[in-house]
Structure formats: C-alpha cells, structure tokens
Amino acid sequence: MKTLLKNAILVNEESSQNGDLLIKNDRIEKIDSSISADQANLIIDLHGKHLLPGLIDDQVHFRQPGYEHKATIETESKAALAGGITSYLEMPNTNPQTTTIDAWNQKYQIASNSSYANYGFMFGGTNDNLEEIKSLDFRKVPALKLFLGSSTGNMLVDNETVLRKIFSHTPIRIALHCEDESTIQLNLRKAVHRFGNDIPIKMHPKIRNNEACLKSTKMAISLAKETGAKIHIFHLSTSEEPELFTNEMPLHQKQITAEVCLHHLWFSEEDYAKKGAYIKWNPAIKSTDDRNALWKALNDDRIDILATDHAPHTKSEKSQPYLNCPSGGPLVQHMLPGLLTCVKKGFLTLEKLVQKAAHNPAILFDISGRGFLREGYYADLVAVDLNESWTVISRDLLYQCQWSPFLGETFTGKVTHTLLNGHLVYSNGIVSENKVAQALTFDRT
C-alpha cells in the first residue's frame, strides 16, 4: 500500500518547505519537492496545508485501569488522534498503580486491544518499590515517574533517602512532578483556618504556590547533580523555575530537562473567576508574570518539551467544594489547535512548536523512528490549516468526561488529517474505527 500526500508545506527540523511525501505501508518512503502520482494507490491533496510529524505527548493520564468512570485508554487515545497527537506516554497513578511489573504488563495488554494512538507507559516509583525498579527492562520503559508532591492517586514519594537510591539506580530518565508537600500542607492549613471548608478556588495558586514548586525543583536538580541521574521536570508553572535550566547545549546532551503544558501558557489566575475548578490543576495556574516567563523560557530553549498533562475527571467531581475537588482536566484534543492559535498570535513559530511537541519528546525518551518527517521513519503525520477559525462546542468533544476548559473558545488553526503508521485515521472530524496503533519502542542497548 502506498499513499501520496501532495502539495503540502512540510514542517520539520526548523524549516518549512513545499513538497510531497510518499508512504509505503507504515513508513515514509520518500520526501521530495514533487512525487509522481502514479507511484501511489491513494492520493491525498493537502492543497497547501502544513504537514507536521505527529505530536508525541509525554504526559497523559488516561485513567485505566481503575478509574474508567473518568476515561479509558480507548476514549482518550481517540480524542488524541483528533488533536494531532499520534503517540503518548501514560502516567502510573491508576488503580492498581503502575508500580509493579505485573501492573505495567496489564496496561500494555489493555492498550494493545483498545488504543487508537501509539502508546508507552511510564513506571511509577514509590517509597518502597526500589527492587521492582531495579528489575525493569529499561529497553521497554520510556521513563520512571515520581510524584514529589501529592496529586491524584496518592503516589507521593517524600523520603529523601529513598529518592537518592532511586536516582542512583535508574539509568533512564526520571520524570518528576515537583511540589514541596510540607509547603502545600502549611498553606492549606492556613486557608482552612481562614475559610473553613469553603475555600475559594482563587486560593489554589496561593496554596500550591511558587515557593512549593521552586523548593521541590531545586531539591530534585541538586539530587540529580549529586547522583548523575537524568531527570525531566514536568509542567513548570512559575517564573523562577526556568532560571534553573540551561539552553547552552543540545537536548541530547542535557542531563536535566523541563517541560511546560498548554494550560500554564494559556490561562492565568485571573481566569479562575470565570473557569473555576475547570482550570484547577497541580501545579496551579499562576500569575500573568509566571505565564510570560514560561513563554520566554520555551522560546529560548530552557524549556524543552510541550505536553498536555491530560487528566480528566467527571463534571460531578469537578463540581465539588475545593477540598474534595480533584485537580486536572482534558486537553489532548485541543493542545495543538491551542498552540496553532498561539502561533497565529506570534507567541512561537510553527517550527518551534514542532520541535517541542514532536522532535524533542522523541529525542528525550529515545523513541524509535518517530517524531520527525524523515525517510524510513514511521508515517505518523498531522495536516493542519493555519487559517481556519472554529469554536469549541460540546457536541464535538471526544473526551469521555464531556467537558473542556476551552468550551466556547475560538481557535485559529485546525487539524484536518491525522495519519498513524501510514493509515489515514482522522479526517473531516471523524476518527476511523480501524485501530492501527503500535507500542512505542526505544533505542537503547
């Protein structure tokens, strides 16, 4: 089977140029300025749309197993394809937690039967599973995930002696949620003393504040330098944290890396009045100054990766009072359109978007054959129309939870086609029911 994509603007490795792309089976066979149509069984004329490598989201919570009332691997991976995300790395705070090899194997089995997008699963570290970590096949696990601040799933790792041992015995990258628990709990006690059980949502960035993030991130970086561990700090949210990272070497040489998520780049604490708990995330969305500093660090390469931290909850869960309301929200269907809108507004270039959301995740986690428009690579592709404006409405949502913090938002920039492993899996608002996803593999000896 050969598929020819014609009349595209190919965005890859810091350049954009007109051209065609030929797919044979699941791989990119040829990229050229013009490829004859007689070489293909199927021709898709993109009429000048931009063609990007499929996005690789390194931080999603698809909630299965254990929380299928919120989401499943099937529903959320389907939404991901509609958003141009062709591969994802899923987090371990499910039930059972992915902190044993048996639980990790169980997730792979679920995904092999139900995932619409390519998949990988991080292994979770706890205060007492070091022996399980040591026995992992690191050629199959994309990364180890540690929660240094409490969040959904209660996987807090708060023993520094244990942390030091994990950092010393993990040869692959360790992904970290960094918030200092003692700072959070002190701030929470103060808020309860002041407001009782009726804490307003606007207090969220005061409770999970800049100090909590900065203190934890500093500790993790210090420990990484001491032990030689490779670490990746998830979802930066403050103006201070980017100052701890460097842009003075290429990504593949960095031992310490960082990422930012769309919600921390889009919203600010001013939006709590309108959006309420629908933008309650951990770490919290903070000030406009914090948001501006994150944009600056993303563009000057102190921040290496763009991701979603897709973490759905039901509407009823999100309607609970602050103390009982879980943090997180759905994003995989809307990260790319949101970022395309930011491109249109001049916050970043399309080439920078592709670097941070496709190239860099592939490099950082040693993902084989994906994340680039290169001959011989898997044909994971997304076509976008940079000029189409559209509004997010309820009936178009593919998330199982059926809400989005972007409801009513008008984006400029739309996903028109998604191809996965050479197959057209999304077009004209419809995700194909033909599941062609593959397990991600990793270039490690």
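The values are calculated or read from the model by the stated rules, or taken from the named source; none is laboratory data. Bear in mind that the values here come from a model prediction, so they are computed numbers and not experimental data. Neighbour counts run over all protein chains shown; Cβ positions are idealised from the backbone, glycine included. Please note that ligands, DNA and RNA were not included when accessible areas were found on the heavy atoms of the full protein model with its side chains. Shrake-Rupley method; radii C 1.70, N 1.55, O 1.52, S 1.80 Å.
Of the strands (runs of 3 or more DSSP E) lying entirely inside region 369-445, none contains at least 3 residues that are of a type in the set (D, E, K, R), buried (at least 20 other Cβ atoms within 10 Å of the Cβ) and touching a residue at least 60 places away in the same chain (Cβ under 8 Å). For region 42-85, the candidate set comprises residues that are closer than 14 Å to residue 307 by Cβ and β-branched (Val, Ile, Thr); within that set, the residue that is surrounded by the fewest Cβ atoms within 10 Å (Cβ to Cβ) is 60. Of all residues in region 155-175, those satisfying the criterion of being β-branched (Val, Ile, Thr) and either farther than 22 Å from residue 364 by Cα or not in a loop (DSSP other than H, G, I, E, B) (or both) are 157, 161, 162, 166, 174. The test for being free of Cβ contacts under 8 Å to residues at least 60 places away in the same chain, charged (D, E, K, R) and open to solvent by less than 60 Å² (accessible area, probe 1.4 Å) holds for residue 254. The set of residues from region 1-40 being open to solvent by 70 Å² or more (accessible area, probe 1.4 Å), under 18 Å from residue 417 (Cα atoms) and in contact with a strand residue (DSSP E or B) (Cβ under 7 Å, 6 or more places away or on another chain) comprises 7, 18, 24, 27.
Residues to consider are 231, 201; find the one that is among the β-branched types (Val, Ile, Thr) and either within 22 Å of the chain's Cα centre (by Cα) or surrounded by fewer than 16 Cβ atoms within 10 Å (Cβ to Cβ) (or both). Don't jump to the end; show me each part of the working.
On the way: 201 fails: either within 22 Å of the chain's Cα centre (by Cα) or surrounded by fewer than 16 Cβ atoms within 10 Å (Cβ to Cβ) (or both).
On inspection, the qualifying residue turns out to be 231.
Yes or no: region 110-127 includes at least one residue that is out of contact with any Ser or Thr (no Cβ under 6 Å at 6 or more places or on another chain), among the β-branched types (Val, Ile, Thr), more than 25 Å from residue 419 (Cβ to Cβ) and open to solvent by 20 Å² or more (accessible area, probe 1.4 Å). Taking every residue of region 110-127 in turn, none turns out to be out of contact with any Ser or Thr (no Cβ under 6 Å at 6 or more places or on another chain), among the β-branched types (Val, Ile, Thr), more than 25 Å from residue 419 (Cβ to Cβ) and open to solvent by 20 Å² or more (accessible area, probe 1.4 Å).
Are any of the residues in region 394-401 under 16 Å from the mean Cα position of the chain (by Cα) and over 20 Å from residue 424 (Cβ atoms)? First the steps, then the outcome.
Narrowing region 394-401 to residues under 16 Å from the mean Cα position of the chain (by Cα): 399.
If we keep only those that are over 20 Å from residue 424 (Cβ atoms) too, we end up with 399.
Looking for residues that are under 16 Å from the mean Cα position of the chain (by Cα) and over 20 Å from residue 424 (Cβ atoms), one finds at least one in region 394-401, hence yes.
If the condition is being among the β-branched types (Val, Ile, Thr) and open to solvent by less than 10 Å² (accessible area, probe 1.4 Å), then region 234-251 contributes only 238. The residues in region 41-65 that are at positive phi and either of a type outside the set (Lys, Arg) or not in a loop (DSSP other than H, G, I, E, B) (or both) can be counted, and the count is 2. Just one of the listed residues (68, 132, 76) is part of a loop (DSSP other than H, G, I, E, B), of a type in the set (Asp, Glu) and either in contact with a Ser or Thr (Cβ under 7 Å, 6 or more places away or on another chain) or under 17 Å from residue 312 (Cα atoms) (or both), namely 68.
If you check 426, 377 for being more than 20 Å from the chain's Cα centre (by Cα) and at pLDDT 95 or above, only one passes: 377.
Looking only at region 283-320, how many residues end up being small (Gly, Ala, Ser) and open to solvent by 10 Å² or more (accessible area, probe 1.4 Å)? Count: 4.
Tell me, yes or no, whether region 206-218 has at least one residue that is open to solvent by less than 70 Å² (accessible area, probe 1.4 Å), hydrophobic (A, V, I, L, M, F, W, C) and more than 19 Å from residue 325 (Cβ to Cβ).
Within region 206-218, the subset open to solvent by less than 70 Å² (accessible area, probe 1.4 Å) is 207-210, 212-214, 216-217.
Of the ones still in play, those that are also hydrophobic (A, V, I, L, M, F, W, C) are 207, 212-214.
Narrowing further to those that are more than 19 Å from residue 325 (Cβ to Cβ): 213-214.
Yes, the conditions are met somewhere in region 206-218.
Listed by first and then second residue, the pairs with beta-carbon distance under 6 Å, at least 6 apart or on different chains, first residue in region 94-105 and free of Cβ contacts under 8 Å to residues at least 24 places away in the same chain, second surrounded by fewer than 20 Cβ atoms within 10 Å (Cβ to Cβ), are 103/96. For region 321-347, a residue qualifies if it is more than 17 Å from residue 410 (Cα to Cα), in contact (Cβ under 8 Å) with a residue 40 or more places away in the chain, open to solvent by 10 Å² or more (accessible area, probe 1.4 Å) and not hydrophobic (A, V, I, L, M, F, W, C), and the qualifying residues are 321, 322, 326, 327. The set of residues in region 147-178 that are within 18 Å of residue 107 (Cβ to Cβ) and modelled with pLDDT of 95 or more comprises 172, 175. Checking the stated criteria, residue 113 turns out to be over 20 Å from the mean Cα position of the chain (by Cα), over 22 Å from residue 339 (Cα atoms) and either polar (S, T, N, Q) or assigned to a strand (DSSP E or B) (or both).
Kindly check whether there is at least one residue in region 283-302 that is modelled with pLDDT of 95 or more and within 14 Å of the chain's Cα centre (by Cα). Checked against the condition, which is being modelled with pLDDT of 95 or more and within 14 Å of the chain's Cα centre (by Cα), region 283-302 yields no hits at all.
Residue count for region 1-40 under the criterion of being outside any strand (DSSP E or B) and under 20 Å from residue 354 (Cα atoms): the result is 2.
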